[in-house]
Every structure is written in structure tokens, then in C-alpha cells.
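Taking it in order: structure first as C-alpha cells, then the write-up.
The values are calculated or read from the model by the stated rules, or taken from the named source; none is laboratory data. These figures come from a predicted structure and were not determined experimentally. So basically every Cβ, Gly included, is an ideal-geometry build from the backbone, and we count neighbours across all protein chains shown. The protein model used for the area step is the full one, side chains on, heavy atoms only, and it has no ligands, DNA or RNA in it. Shrake-Rupley method; radii C 1.70, N 1.55, O 1.52, S 1.80 Å.
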Amino acid sequence: MQKQLLSTYEEYDSIEELNESDRDLLMKAREATRSAYAPYSQFKVGAAAKLANGEIIRGSNQENASFPAGICAERVLLSSASSFFPSVPVETIAISYQHKDQNHLYKPIAPCGICRQTLQEYELRFHQPIRIVLGGMNGKVYIIPRASNLLPLSFDSTNL
Ligand code: THU
């Protein structure tokens with residue numbers, strides 16, 4: 001028997017089409033790229049989260065000369081959220097980036113595999129979906145209604 005895994009997301013032509021809250025969060029993610037420490041890749045990722053208590057926090061990628069010790073912006077952000085507000089769910093995360101090739105910046109980037117796993121854990125922990133807003137410095141914006149849409153057929157605590 002053949003089965004299908006389906007995943008949906010919304011596409012917008014620009015940040016102007018977003019509601020005020022998402023627009024503000026994506027602007028903050030763009031700003032957060034400035035705090036990235038990315039001397040090795042020059043790929044600066046910024047992320048901003050809106051928490052259920054209204055707090056907004058930010059994160060950016062932090063690299064290391066020992067490459068695997070580097071951490072993606074999304075996991076820096078979720079670690080901060082969990083440390084500062086351990087009992088507050090994350091409602092929405094926006095992710096943006098800067099790249100040395102300016103022609104790249106119109107295209108949204110999506111979280112890497114390890115970050116998807118981390119996002120899913122956060123969602124399951126609070127039994128609440130995390131919306132994800134993806135956008136470059138300009139151009140199209142994608143909204144994924146829940147982080148787990150990015151990780152079909154996943155591994156989680158129920159498998160242990
Ligand atoms: N990076 C992130 O911060 N988030 C992602 O989802 C993809 C990749 C970072 C890791 C590394 O510092 C740089 O981007 C290049 O891979």
C-alpha cells in the first residue's frame with residue numbers, strides 16, 4: 001500500500017501582506033541577523049520568537065572554529081526561551097538571514113533538520129503549535145502553520 005505525507009504552508013509576495021504581529025516579528029528576525037557570529041560561513045541567521053505572554057526574544061547563529069560546536073539561530077532562540085521563560089509556550093517564530101551574495105536574499109530559508117527536531121520537541125512539550133514565518137531580507141514570505149509540518153514521520157518521546 002502506498003501512503004502520502006502532505007504538508008501545507010502559505011506563501012505571500014512580500015512582508016507587506018502579513019498581519020502587523022508577523023510583520024513585526026520578521027523585522028526583528030532581520031535585525032537579529034546583526035548579532036550573528038558567523039566568521040566561517042558568513043551566513044548570518046536571525047530568529048525572533050513571540051511567546052504566549054507577549055515577550056519577544058531573539059537569537060542568531062553562533063559559530064565555532066570547531067565547526068560542529070556552532071549552534072543555529074533557531075536553537076539559540078529556543079534555548080533562551082526555555083531558560084528565561086520555562087513554562088511559557090512559543091506562539092510564532094520568524095527566521096531571516098543575511099548572505100554575502102545580495103542576490104540570494106529574496107528567497108526564504110527553512111530550518112535545518114536538527115532545528116526541526118528541536119522545534120518539534122518544543123511543540124510537543126507545550127501541546128501547542130508553533131507557527132513559523134520564513135523570509136529573506138526582501139521578497140516572498142512563507143508561513144508554516146505548525147513546526148511539525150516540517151518533520152513528517154518523525155521520532156519523538158512516544159517512541160522511547
Ligand atoms: N544556520 C542556522 O542558523 N539555521 C539554519 O536553519 C540553517 C543554518 C547556520 C548554521 C551555520 O552557522 C550557518 O548557518 C551556515 O550553515
TODO: Inspect all residues belonging to the range 7-27 and state whether any of them is modelled with pLDDT under 95 and either of a type in the set (Gly, Ala, Ser) or surrounded by fewer than 20 Cβ atoms within 10 Å (Cβ to Cβ) (or both).
DONE: yes
Open item on the list: Residue under question is Cys112, and the condition is that it be within 14 Å of the ligand (Cβ to nearest atom), open to solvent by 50 Å² or more (accessible area, probe 1.4 Å) and touching a Cys at 6+ places or on another chain (Cβ under 9 Å); does it hold?
Closed with: yes
- [ ] Inspect the range 94-101 for any residue being closer than 16 Å to Leu150 by Cβ, modelled with pLDDT of 95 or more and within 14 Å of the ligand (Cβ to nearest atom) and give the result as yes or no.
- [x] yes
Open item on the list: Need pairs with beta-carbon distance below 9 Å; first residue closer than 15 Å to Lys44 by Cβ and open to solvent by 30 Å² or more (accessible area, probe 1.4 Å) and within the range 67-91, second of a type in the set (Asp, Glu) and within 16 Å of the ligand (Cβ to nearest atom); sequence gap 6+ or separate chains.
Closed with: Ile71/Glu63
Open item on the list: Testing Tyr37 on (1) open to solvent by 60 Å² or more (accessible area, probe 1.4 Å); (2) touching a helix residue (DSSP H, G or I) at 6+ places or on another chain (Cβ under 9 Å), one condition comes back false. Which one is that?
Closed with: (2)
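One line per residue, one yes/no per condition, for (1) assigned to a helix (DSSP H, G or I); (2) more than 12 Å from the chain's Cα centre (by Cα); (3) within 24 Å of Pro86 (Cβ to Cβ):
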site	(1), (2), (3)
Glu121	yes, yes, yes
Leu124	yes, yes, yes
Leu134	no, no, no
Asn138	no, yes, no
Tyr142	no, no, no
Phe155	no, yes, yes
Thr158	yes, yes, yes
Open item on the list: All but one of (1) away from the ligand (no atom under 16 Å from the Cβ); (2) outside any helix (DSSP H, G or I); (3) crowded, with 20+ Cβ neighbours inside 10 Å hold for Gly46; state the number of the condition that does not hold.
Closed with: (1)
Open item on the list: Ala52 - would you say it is touching an Asp or Glu at 6+ places or on another chain (Cβ under 6 Å) and away from the ligand (no atom under 16 Å from the Cβ)?
Closed with: yes
